[in-house]
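The values are calculated or read from the model by the stated rules, or taken from the named source; none is laboratory data. Quick caveat, the model's predicted, so the values are computed rather than measured. When we count neighbours, we look across all protein chains shown, and the Cβ atoms used for this are built from the backbone with ideal geometry, even at glycine. Keep in mind that these areas ignore ligands, DNA and RNA; they rest on the heavy atoms of the full protein, side chains included. Shrake-Rupley method; radii C 1.70, N 1.55, O 1.52, S 1.80 Å.
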Amino acid sequence: MEQMFTYVVPALGVLGLIVMAVKSAWVTKQDAGDANMQELAGHIARGAMAFLRAEWKVLFYFVVIAGIILGWSGTLVENSSWIIAISFVIGAVLSAFAGYLGMNIATKANVRTTEAAKTSLAKALKVSFTGGSVMGIGVAGLAVLGMGSLFILFYNMFVVSTGGTVNGDAMATALEVLAGFSLGAESIALFARVGGGIYTKAADVGADLVGKVEAGIPEDDVRNPATIADNVGDNVGDVAGMGADLFGSYVATILASMVLGREIVSVDNFGGIAPVLLPLVIAGLGLMFSIIGTLFVKINKETDSVQAALNKGNWISILLTVGASYFVIQYMLPDGDLVLSRGGSISFTKMGVFGAVVIGLIVGALMSIITEYYTSMGKRPVNSIIKQSSTGHATNIIGGLSVGMESTVLPILVLAGGIYGSFLAAGLYGVAIAAAGMMATTAMQLAIDAFGPIADNAGGIAEMSGLPKEVRERTDILDAVGNTTAAAGKGFAIASAALTALALFAAYVGLAGISSIDIYKADVLSGLFVGAMIPFIFSSLAIAAVGRAAMDMVNEVRRQFREIPGIMEYKAKPEYEKCVEISTQASIREMVAPGAIALISPIIVGFAFGPEVLGGLLAGITVSGVLMGIFQNNAGGAWDNAKKSFEKGVEIDGKMEYKGSEAHKASVTGDTVGDPFKDTSGPSMNILIKLTSIVALVIAPHISEVPHGSVADAEKVEVKKEITYEDGKKIEKVEKIVIKK
């Protein structure tokens with residue numbers, strides 16, 4: 001029975017994909033509106049798929065070349081295998097497929113949400129959120145199925161078939177090969193997130209600057225040549241990019257916990273693999289409870305709060321996961337002390353592990369609450385930006401930057417407390433399992449995230465179709481909530497990235513054969529400073545790419561207004577495909593340099609200067625990247641909702657200000673500056689942090705100071721395990737190598 005328990009994890013993944021298929025079929029059956037609405041939705045869908053095809057063509061060559069190099073390098077060290085290349089390719093393919101799933105359903109759900117908004121806000125929420133839940137459940141289902149299946153395969157291939165031990169080199173090899181899956185997922189996620197972010201913001205900025213500011217037409221006016229590219233961008237950046245992003249985050253978090261779980265000597269009924277298997281089981285349960293949580297996201301009246309409905313579903317999924325985790329941990333982990341050899345053989349109990357899971361979920365919830373406060377309409381931070389818009393563009397920018405910087409304080413304190421608390425509960429394994437607990441409800445988090453871009457597209461289609469005012473008002477309510485939930489989701493992702501990076505860092509230290517990172521050493525301190533610089537140059541390249549692409553877009557929109565007579569009078573159709581082509585080409589071209597920095601910098605530093613300097617680099621990237629991510633995400637989200645507040649009207653110094661006022665124009669400038677912050681460079685920080693750590697983990701056996709398989713500078717600890725079988729008792733002896741300080 002216990003041995004069969006490992007197959008529960010991929011089974012839960014399959015169940016999740018079945019639920020996803022059912023929800024997807026329901027969305028597809030909904031009314032797609034009149035012929036004009038369907039034509040506009042068709043433009044968006046074709047543009048989105050054109051981008052994906054162009055991106056996949058480039059990434060195909062990257063995956064093939066990187067796979068060949070990984071396969072060759074896997075034959076050079078004892079604790080790896082050429083099979084890591086296959087693992088890498090599977091991770092890359094599933095990550096790309098996760099993005100496609102989101103893109104496919106979003107381009108169907110957007111026009112159906114518009115049609116539903118003709119009836120009621122409740123129906124519009126149901127269609128848009130169901131579309132988002134298809135993506136969330138699909139991404140989590142693929143991750144659970146992929147990780148669970150590959151772990152069973154590699155465990156049997158490298159450990160069971162060779163007679164290896166759970167705590168020995170055989171399991172280290174299995175997890176090293178499994179790390180290839182995470183590397184593939186995160187690599188595609190980085191390019192998808194950066195490329196999609198450049199695409200969407202180039203179109204958005206171009207459409208805003210010429211359409212809203214210069215021509216004075218609404219944001220999604222059918223006369224604006226960039227409006228289709230803008231709506232396509234919502235899908236390629238906020239849906240496909242985000243899907244690949246959270247797929248990679250989910251996988252990396254589970255992997256980090258599994259790698260540290262290998263270092264725990266556990267006398268359990270699962271052959272000693274309970275600490276390794278536990279993160280997978282928690283992920284599978286989180287998927288199931290996220291599905292249950294989606295059932296509670298609904299409203300009945302026009303005046304009901306959409307945000308409250310989303311929060312209700314989210315909290316239900318979190319609380320159910322907490323309760324189930326307690327019983328699973330009690331069942332899987334043994335009574336008595338568990339010993340993690342790292343850091344002086346720290347011992348803890350299974351209640352400590354449960355405490356770490358709870359801490360992770362609390363940290364995730366607090367990060368979302370804090371982010372919601374700093375980016376929501378009607379709250380002090382956004383109101384302060386609105387007020388400063390009344391005195392011009394410059395003070396709006398100053399206000400947004402101030403809010404972004406201030407918003408780093410509470411999240412960092414919460415994160416620091418979470419790291420310390422989870423470490424006290426269960427050592428470094430506790431930090432990793434806290435991240436796994438935080439990411440357990442990824443399906444729900446992603447469903448909440450993904451419904452926002454669907455609602456945004458729905459509003460665009462309503463505007464372009466000339467539908468009644470109340471339709472756009474309903475989609476705007478959903479869109480405004482979507483902006484806040486998107487910001488909260490990014491805060492959640494950056495927090496999980498910090499915890500995961502620390503766990504991956506700890507795993508890297510063990511594989512690299514070093515006991516600590518000594519910043520008193522000049523080369524290590526140099527690595528720390530260089531690492532802290534990388535998020536800045538990464539952000540610079542991403543933001544500059546948006547600026548260059550936006551300039552091309554602005555020039556193209558101006559050209560069409562100038563050279564195509566009758567656009568402003570609705571007598572001629574703009575050349576939408578030209579703008580789509582500009583964004584596609586720019587995003588594919590510009591995504592290469594930031595991606596190369598993330599992949600190549602740890603390889604160069606590791607092989608040139610050794611594992612300890614690389615450790616310094618990783619520490620610098622993690623701390624700097626977390627701060628940059630929080631700052632940019634929250635500043636951009638606050639600017640966006642400050643601009644949207646003017647659509648309903650805001651009171652500044654006793655005077656009501658609306659769209660078209662000078663204060664509103666200043667808020668549009670702030671939103672334009674914040675766009676690449678919150679949708680390009682900011683959300684890429686969490687991928688940068690994890691990807692560099694995973695690259696370091698993969699190359700660790702190649703730069704290790706203590707060769708695996710050698711007992712040089714190491715001692716063997718003999719541990720006796722007593723396992724009870726039906727026909728009596730059997731004593732097994734396990735030898736665990738612990739590197740001396």
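Taking only pairs six or more apart or across chains, which ones have beta-carbon atoms under 6 Å, a first residue in segment 539-558 that is more than 14 Å from residue 214 (Cα to Cα) and hydroxyl-bearing (Ser, Thr, Tyr), and a second residue that is open to solvent by less than 10 Å² (accessible area, probe 1.4 Å) and in a helix (DSSP H, G or I)?
Taking only residues 6 or more apart or on different chains, the pairs are 539/681.
Identify, by number, the condition in (1) more than 26 Å from the chain's Cα centre (by Cα); (2) polar (S, T, N, Q); (3) at pLDDT 90 or above that residue 317 doesn't meet.
With respect to (1) more than 26 Å from the chain's Cα centre (by Cα); (2) polar (S, T, N, Q); (3) at pLDDT 90 or above, residue 317 is out only on (1).
With the checklist (1) of a type in the set (Ser, Thr, Tyr); (2) farther than 21 Å from residue 676 by Cβ; (3) out of contact with any helix residue (DSSP H, G or I) (no Cβ under 6 Å at 6 or more places or on another chain) in hand, flag the one item residue 402 doesn't pass.
(2)
Would a scan of segment 166-184 turn up a residue that is under 24 Å from residue 491 (Cα atoms), in contact (Cβ under 8 Å) with a residue 60 or more places away in the chain and either in contact with a Ser or Thr (Cβ under 7 Å, 6 or more places away or on another chain) or not in a helix (DSSP H, G or I) (or both)?
Checked against the condition, which is being under 24 Å from residue 491 (Cα atoms), in contact (Cβ under 8 Å) with a residue 60 or more places away in the chain and either in contact with a Ser or Thr (Cβ under 7 Å, 6 or more places away or on another chain) or not in a helix (DSSP H, G or I) (or both), segment 166-184 yields at least one hit.
Which count do you get for residues in segment 266-313 that are within 30 Å of residue 170 (Cα to Cα), part of a loop (DSSP other than H, G, I, E, B) and in contact with a Leu (Cβ under 8 Å, 6 or more places away or on another chain)?
Selection size over segment 266-313: 3.
Have a look at 317, 305 and point out the one that is closer than 27 Å to residue 117 by Cβ and free of Cβ contacts under 8 Å to residues at least 60 places away in the same chain. Outline the logic, then answer.
Values: 317 fails: free of Cβ contacts under 8 Å to residues at least 60 places away in the same chain.
Answer to the selection: 305.
Residue under question is residue 64, and the condition is that it be surrounded by fewer than 24 Cβ atoms within 10 Å (Cβ to Cβ), within 22 Å of the chain's Cα centre (by Cα), in a helix (DSSP H, G or I) and not hydroxyl-bearing (Ser, Thr, Tyr); does it hold?
It is false that residue 64 is surrounded by fewer than 24 Cβ atoms within 10 Å (Cβ to Cβ), within 22 Å of the chain's Cα centre (by Cα), in a helix (DSSP H, G or I) and not hydroxyl-bearing (Ser, Thr, Tyr).
Under the condition of being acidic (Asp, Glu) and surrounded by fewer than 16 Cβ atoms within 10 Å (Cβ to Cβ), which residue from segment 648-661 is nearest to the chain's Cα centre (by Cα)?
In this case the residue turns out to be 651.
Which condition number in (1) over 23 Å from residue 189 (Cβ atoms); (2) surrounded by fewer than 21 Cβ atoms within 10 Å (Cβ to Cβ) is the one that residue 90 fails?
Among (1) over 23 Å from residue 189 (Cβ atoms); (2) surrounded by fewer than 21 Cβ atoms within 10 Å (Cβ to Cβ), residue 90 violates only (1).
Can you name the condition, by its number, that residue 517 falls short on among (1) modelled with pLDDT of 80 or more; (2) closer than 21 Å to residue 435 by Cβ; (3) open to solvent by less than 10 Å² (accessible area, probe 1.4 Å)?
The number of the failed condition is (3).
List the pairs whose first member sits in segment 274-290 and is closer than 17 Å to residue 246 by Cα, whose second member is among the hydroxyl-bearing types (Ser, Thr, Tyr), and whose Cβ atoms are under 6 Å apart, counting only residues at least 6 apart or on separate chains?
Short answer, once both residue conditions are applied: 279/257; 282/325; 286/321; 286/441; 290/317; 290/441.
Name the single residue that is farthest from the chain's Cα centre (by Cα) among those in segment 516-534 being outside any loop (DSSP other than H, G, I, E, B) and closer than 10 Å to residue 619 by Cβ.
Result: 524.
Report whether or not residue 56 is over 30 Å from residue 467 (Cα atoms), more than 28 Å from the chain's Cα centre (by Cα) and open to solvent by 50 Å² or more (accessible area, probe 1.4 Å).
No, not satisfied.
Can you tell me which residues in segment 129-164 are surrounded by fewer than 24 Cβ atoms within 10 Å (Cβ to Cβ), polar (S, T, N, Q) and either modelled with pLDDT of 90 or more or part of a helix (DSSP H, G or I) (or both)?
Correct list: 130, 149, 156.
So which of 410, 428, 415 is within 30 Å of residue 387 (Cα to Cα) and touching a residue at least 12 places away in the same chain (Cβ under 8 Å)?
After ruling out the rest, the residue left standing is 410.
Among the residues of segment 613-645, which ones are open to solvent by less than 10 Å² (accessible area, probe 1.4 Å), in contact with a Pro (Cβ under 7 Å, 6 or more places away or on another chain) and not aliphatic (A, V, I, L, M)?
Correct list: 625, 633.
Going residue by residue through segment 80-99, is there one that turns out to be under 16 Å from residue 44 (Cα atoms), in contact with a helix residue (DSSP H, G or I) (Cβ under 7 Å, 6 or more places away or on another chain) and of a type in the set (A, V, I, L, M, F, W, C)?
no
Looking at (1) part of a helix (DSSP H, G or I); (2) modelled with pLDDT under 90, can you tell me which one residue 126 breaks?
(2)
Restricting to segment 72-123, what's the tally of residues that are over 30 Å from residue 22 (Cβ atoms), assigned to a loop (DSSP other than H, G, I, E, B) and of a type outside the set (Asp, Glu)?
Residues meeting the conditions: 8.
Regarding residue 47, is this residue touching a residue at least 40 places away in the same chain (Cβ under 8 Å), open to solvent by less than 10 Å² (accessible area, probe 1.4 Å), closer than 26 Å to residue 145 by Cα and over 22 Å from the mean Cα position of the chain (by Cα)?
No, not satisfied.
Any chance segment 456-468 includes a residue that's open to solvent by less than 40 Å² (accessible area, probe 1.4 Å), in a helix (DSSP H, G or I) and within 25 Å of residue 626 (Cβ to Cβ)?
Just the residues of segment 456-468 that are open to solvent by less than 40 Å² (accessible area, probe 1.4 Å), to begin with: 456-462, 464-465, 467.
Narrowing the set further to residues that are in a helix (DSSP H, G or I) leaves 456-462, 464-465.
If we keep only those that are within 25 Å of residue 626 (Cβ to Cβ) too, we end up with none.
No, segment 456-468 contains no residue that is open to solvent by less than 40 Å² (accessible area, probe 1.4 Å), in a helix (DSSP H, G or I) and within 25 Å of residue 626 (Cβ to Cβ).
Within segment 25-40, work out how many residues are assigned to a helix (DSSP H, G or I) and either out of contact with any Lys or Arg (no Cβ under 8 Å at 6 or more places or on another chain) or among the aromatic types (Phe, Trp, Tyr) (or both).
9
When the residues of segment 384-407 are filtered to those that are open to solvent by less than 30 Å² (accessible area, probe 1.4 Å) and outside any helix (DSSP H, G or I), which remaining residue is modelled with the lowest pLDDT? Spell out the reasoning first.
Filtering segment 384-407 down to residues open to solvent by less than 30 Å² (accessible area, probe 1.4 Å) leaves 385-386, 389, 392, 396, 399-400, 403-404, 407.
The next check asks that each one be outside any helix (DSSP H, G or I); those that pass are 392, 407.
Numbers: 392: 90, 407: 93.
The residue in question is 392.
Can you tell me which residue within segment 577-609, out of those that are at pLDDT below 90 and within 30 Å of residue 415 (Cβ to Cβ), is surrounded by the fewest Cβ atoms within 10 Å (Cβ to Cβ)?
Filtering segment 577-609 for residues that are at pLDDT below 90 and within 30 Å of residue 415 (Cβ to Cβ), the one surrounded by the fewest Cβ atoms within 10 Å (Cβ to Cβ) comes out as 596.
What is the number of the single condition among (1) over 23 Å from residue 449 (Cα atoms); (2) modelled with pLDDT of 85 or more; (3) open to solvent by 20 Å² or more (accessible area, probe 1.4 Å); (4) not charged (D, E, K, R) that residue 353 does not meet?
Every condition holds for residue 353 apart from (3).
Considering segment 221-249 alone, what residues qualify as being buried (at least 24 other Cβ atoms within 10 Å of the Cβ) and acidic (Asp, Glu)? Write out each step before concluding.
So in segment 221-249, the residues buried (at least 24 other Cβ atoms within 10 Å of the Cβ) come out as 224-249.
230, 234, 238, 245 - these are the residues of segment 221-249 that are buried (at least 24 other Cβ atoms within 10 Å of the Cβ) and acidic (Asp, Glu).
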